[in-house]
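Here the structure comes first, spelled out in structure tokens, and everything after it is commentary.
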Amino acid sequence: MPVLDAEILARLQFAFTVSFHILFPTLTIGLAGFLLFVEAQWLRTNDNAYLRLYHFWVRIFALTFGMGVVSGLVLSYQFGTNWSEFSRIAGPVVGPLIGFEVLTAFFMEAGFLGVMLFGWDKVGPRLHFLATFLVAFGTTLSSFWILSANSWMQTPAGAHIDPILGSYIPDDWIAIIFNPSFLYRLAHMLTASFLTTAIFIAGVSAYYMLSGKHTALARKSQSIALWAVLVLAPLQIFIGDQHGLNVLEHQPVKVAAMEANWERQAGAPLILFALPDSKLEKNHFEISIPKGASLILTHDINGVVPGLKDVPREDRPPVGIVFWSFRVMVGLGMLFLLIGVWGAYARYKGTLETNLWFNRLCLASMPAGFIATLAGWFVAEVGRQPYTIYGVLRTSDSISPIISGTMIATTLTVFLVVYGGIFSAYLYYLVKLIRVGPALPAPEDEADAPEAIQGARPGLIVPAE
Amino acid sequence: MDLALIAAGVIAAGILIYIVLDGFDLGVGILFPFAPDDRSRNVMMNSVAPVWDGNETWLILGGGGLLVFFPIAYSTVLPAFYFPVMLLLFALIFRGIAFEFRHSAHTSQYLWDRAFFGGSLVATFSQGLLVGGLIQGVTIVDHRFAGGMFDWFSPFSVLTGLGLVAGYGLLGATWINMKSEGETQAWSRRAAIVMGGAVLIAMLAVSVMTPLIRPAIAERWFGGVNALILAPVPLMTALNAALLFYGLFTNRERLPFFSAIGLFVWGYIGIGVTMYPNIVPPALTIWEAAAPRSSMIFALIGVAITLPMILGYTWYAYSVFKGKASDHGGYAKH
């Protein structure tokens, strides 16, 4: 088999486009919630600082949302172009779930996004709040359906394969939607979105603290973000643990890969560092804590942990990627816990604004949530290999039969170049928006942010001429 | 109850709504560099900025809908049109991000103006290639695509590609005519006359060529009483064309836009009766391509509940932004 055959290229292409895409919804799901919160605060307290926070963050939201829309559109067609056998076989199950996502979520988001962004002087404040609410609600609904579809591919239920057609016939939609791993995955991903966003907002706020700009407004957003981190970081660790137990039950081989555990054994060690070797079926340079994996996975130091050798070689996922992604995710989760706790301590001491090292840590952690989310998805998706539908349909049997490696290589190259280009542009405008910062308060507001900003007119943003 | 037929109706309606809605905003992009000045370009951009995202969602519904109701059509058409589909997606990426990036840009605005124009043009042309390629037919064996990667490429599909560019251009021009004033509006009327003429020529050429590439279509169009039953299609098309030019020459604001939509609706019906009962010509019927009954019922219940709501709030979103678009616009309250 050649090193880069059509299957590997199609997998690389999907991995790249879906990883690129997930960065943007992760931020928009969380930011929609944040915007809803500050608009509610503005309506409740009439404090215009909240309104200015809204106007600032909604620009970042809009920029990010646009990226999510265009990169998501690609995915809805890629199932057909590159994975037509998967579409033919699983379409009857996955199709309606994605269809419901479009019908209930996408239209709601898109319909009210216009009102949310451009409708300030066209609808009243309460109606505008409703538009923000519906956009936020839409992003959550969207996660509901797409994670249901993804979870069904991990833990299929409620459908059987028709022996004549060779494709799925759904039997029980409730069992399909609420398949065994769905609620864990939904909770884990929604929390990841909010946590990632909270860390991001804390980082942007820390930038203003460190540079001494917009500090009055940044104090507000940092406070909101750090309360969120303090609650969400431990919550996420708890949900992650529960999700891990669920994976152990339904996808034991994935867990074996996460732990780089080759032999089924009682009292399995927790491996902190290792270079797993799939050929020799062992780890190099292993550093481990005795009985640690058994304790974490079975909540019993002598519990039995599944091993990779439980299944034949060809049924195992790539171990190294799963093992290391898992460690990156967990390590960053601990970092978020540290930020939450340190933030609470600094708040108690009254040094949130002045603590240099804390603010530097927040600034440096800005991308950390995204990296953790991606790492988590690598564990879930690479760990599902060599299947697209776990235990049923192999990835090699899911690919479009006609498409050649050359064609996929061509489009993959174009994707790399195009996505690289637009991502650079996105970062450029994101940094530009953050550097300019929130607009100055209108004259009747309290003068809490006196710095003049070149090019920004109070309350009105015009397209550059 | 014939679920496949109902589902085909739902998808056909969804695609028609897509063509009309995204048609005018893609058309605005196609005409973008030809606008008289930057002020006009701002008006044009602002007239579609609040709604383009919703318009494009109908395309996701088209793709998603095929996967839901006709998985075999989805899994054969997309590999068959691999390159045009990829071209469409890349083009939509460029024009989609142009909305936000242009707004944030300063010195690089010209770059996003070009992305908006180029993306709109290429997206439209590749959709036209798809339409032409589909009418020509797709080779399917055993429910899998079995043709070549460039089967879709022919003089006919290039013609439908160019025809759709003119068609979306017409929708865009008549939309701008409705949403703008003064110099921009006068320019958009002239653009609509040019585009309208091009559309009529393209429609005529496609109508002449279609029965020639597949004799079965000639039989469908002209055989027996069919010629009589189908007579309203060309007649209504002609009537809408007359209304379009009447509206343009008498400086009406709404009539040209709605007549242009009428032209599209009747052209679409024409393609529909040509293809029926196939979902992928020449041989895959809607019943053969249909999803299992349990998938159909589940999804149709969802459509029955959500589609009226979607139409309701889409109408609401449009009504919030009714009236003339302004040349400055933004997110903040003013």
(request) Spot the failing condition for A:A268; the list is (1) without any contact (Cβ under 8 Å) to a residue 24 or more places away in the chain; (2) farther than 30 Å from A:C362 by Cα, and only one is missed. (result) (1)
(request) Of all residues in the range B:49-101, count the ones that are at the interface with chain A (Cβ under 7 Å from one of its Cβ atoms) and not in a helix (DSSP H, G or I). (result) 3
(message) Contact list please: Cβ distance under 8 Å, first residue in the range A:423-435 and of a type in the set (G, A, S), second residue part of a helix (DSSP H, G or I) and surrounded by 17 or more Cβ atoms within 10 Å (Cβ to Cβ), pairs at least six apart or on different chains.
(response) A:A425/B:I97; A:A425/B:F101
(request) Would you confirm whether any residue within the range A:68-75 is crowded, with 20+ Cβ neighbours inside 10 Å and more than 9 Å from chain B (Cβ to nearest Cβ)? (result) yes
(request) Could you tell me whether the range B:41-59 includes any residue that is surrounded by fewer than 19 Cβ atoms within 10 Å (Cβ to Cβ) and either in contact with a Pro (Cβ under 9 Å, 6 or more places away or on another chain) or touching a residue at least 40 places away in the same chain (Cβ under 8 Å) (or both)? (result) no
(message) Just to be sure I understand the filter: pairs with C-beta atoms under 9 Å, separated by 6 or more residues or on different chains, first member in the range B:228-244 and at positive phi, second member surrounded by fewer than 17 Cβ atoms within 10 Å (Cβ to Cβ) and modelled with pLDDT of 85 or more. Which pairs pass?
(response) none
(message) Criterion first (more than 15 Å from A:N179 (Cβ to Cβ), assigned to a helix (DSSP H, G or I), in contact (Cβ under 8 Å) with a residue 40 or more places away in the chain and not aromatic (F, W, Y)) does A:L141 satisfy it?
(response) yes
(message) One residue is enough: does the range A:42-50 have a residue meeting the conditions more than 8 Å from every other protein chain (Cβ to nearest Cβ) and either charged (D, E, K, R) or surrounded by 23 or more Cβ atoms within 10 Å (Cβ to Cβ) (or both)?
(response) yes
(message) For the range A:388-433, which positions are of a type in the set (S, T, N, Q) and within 24 Å of the chain's Cα centre (by Cα)?
(response) A:T388, A:T395, A:S424
(request) Working carefully through the options A:L43, A:L53, A:L103, A:L9, find the one that is in a helix (DSSP H, G or I) and either within 22 Å of A:A192 (Cβ to Cβ) or without any contact (Cβ under 8 Å) to a residue 60 or more places away in the chain (or both). (result) A:L103
(request) Scan the range A:183-201 and give yes if some residue there is of a type outside the set (V, I, T) and out of contact with any helix residue (DSSP H, G or I) (no Cβ under 7 Å at 6 or more places or on another chain), otherwise no. (result) yes
(request) Would you mind listing the helices (runs of 4 or more DSSP H) fully within the range A:159-275 where at least 2 residues are buried (at least 22 other Cβ atoms within 10 Å of the Cβ)? (result) A:182-211, A:215-250, A:252-258
(message) Exactly one condition in (1) assigned to a helix (DSSP H, G or I); (2) at pLDDT below 90 is false for B:W152; which is it?
(response) (1)
(request) Might you let me know whether the range B:230-246 holds any residue that is under 27 Å from B:S47 (Cβ atoms), touching a Phe, Trp or Tyr at 6+ places or on another chain (Cβ under 7 Å) and not hydroxyl-bearing (S, T, Y)? (result) yes
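The values are calculated or read from the model by the stated rules, or taken from the named source; none is laboratory data. Just so you know, these numbers come straight off a predicted model, no measurement behind them. Methodologically, a virtual Cβ is constructed for each residue, glycine included, from the backbone with ideal geometry; neighbour enumeration extends over all protein chains shown.
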